[in-house]
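Data first, discussion second: the structure below is written as structure tokens.
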Amino acid sequence: MVALATIQMVSAQLKVLPGNNVSIGYSWLSGQTEKLSVLGRTYFIEPPALSGLSIGNYPWNSSVNFTALVPQWNNSTLLGTPTEIFFKVYATDVHYMNLQHLSDRNVKTNIQPIKGSFALDAIKKINGYTYDYKPEVFKNANKETESVVLASYKNQIGVMAQEVQAVFPQLVKQDEKTQQLSVNYVSLIPVLIESIKEQQKQIEALQILVQQLQQKIADENK
């Protein structure tokens, strides 16, 4: 049997200093580098790091607050490292200045070129659409943030995963929990490259044919 107890503390302070660097309460001083401090926010820093990481409220507008995980200083915190990598990241909206996709030939095997004719035929089977996301996609959002999220995801532009799956099944993943399909848009770029090259070959062949026909007509009219 487990006994439960309720403890009420008024203006409580807990310090484990120095060394373990824990501070809970109202004694945060400028320049301190505690690994954890709860002062209306939760704050983490591992000396000699240049920045801490905090969890707090971010006011989106006058009526909506989001919980935010933020660094103490801009551009001073990493999410993972080149050798310590997260497996998956789930997010609704991602803003970034630069996105790098690992594409080094040295880490690849079974390399095969994409045939231009195949790429062009496949692209013709995929259509572009405008659409709105259904409200149930964001059903776990609280009422305050739901309206903000829904308003942000109207009049989208994209493809249908089922159409992509029919020609490029490797670019479509199905979530094991929701069964929803997602598309690897980045990997469609090489297909577009090869389809454009194939189309350009056809255009150049037609240009030569037109020139030949024009020359033939000119010769007949002499």
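The values are calculated or read from the model by the stated rules, or taken from the named source; none is laboratory data. Treat the numbers as computed from the prediction; the structure is a model and nothing was measured. Note: ideal-geometry Cβ built from the backbone for every residue, glycine included; neighbour counts use all protein chains shown.
Test Y133 against the criterion of being modelled with pLDDT under 85 and among the aromatic types (F, W, Y), and give yes or no. Talk me through it step by step, then tell me what you get.
Working: modelled with pLDDT under 85: no; among the aromatic types (F, W, Y): yes.
When the stated conditions are applied, Y133 does not pass them.
Just need a number here: residues in the stretch 173-222 that are among the charged types (D, E, K, R), over 37 Å from the mean Cα position of the chain (by Cα) and either within 23 Å of A122 (Cβ to Cβ) or surrounded by 12 or more Cβ atoms within 10 Å (Cβ to Cβ) (or both). Total satisfying the criteria: 1. Any idea which residue in the stretch 87-133 is farthest from L188 (Cα to Cα), counting only those that are in a loop (DSSP other than H, G, I, E, B) and of a type in the set (K, R)? Ranking the candidates gives K88 first.
Quick one: in the stretch 144-172, which of the residues that are in a helix (DSSP H, G or I) and loosely packed, with under 15 Cβ neighbours inside 10 Å is modelled with the lowest pLDDT?
Within the stretch 144-172, the subset in a helix (DSSP H, G or I) is 144-152, 161-167, 169-171.
Then keep just the ones that are loosely packed, with under 15 Cβ neighbours inside 10 Å; that gives 144, 147, 151-152, 162, 166, 169-170.
On the way: E144: 67, S147: 72, A151: 74, S152: 74, Q162: 98, A166: 97, P169: 97, Q170: 97.
By that ranking, first place goes to E144.
Consider the stretch 60-86 and keep the residues that are in contact (Cβ under 8 Å) with a residue 60 or more places away in the chain and loosely packed, with under 10 Cβ neighbours inside 10 Å. The one that is nearest to N184 (Cα to Cα) is N61.
If you check V89 against the conditions, is it of a type outside the set (G, A, S), at pLDDT below 80 and not assigned by TED's automatic domain parsing to the domain that holds A151? No. Filtering the stretch 129-143 to residues that are surrounded by 15 or more Cβ atoms within 10 Å (Cβ to Cβ) and among the aromatic types (F, W, Y) leaves only F138.
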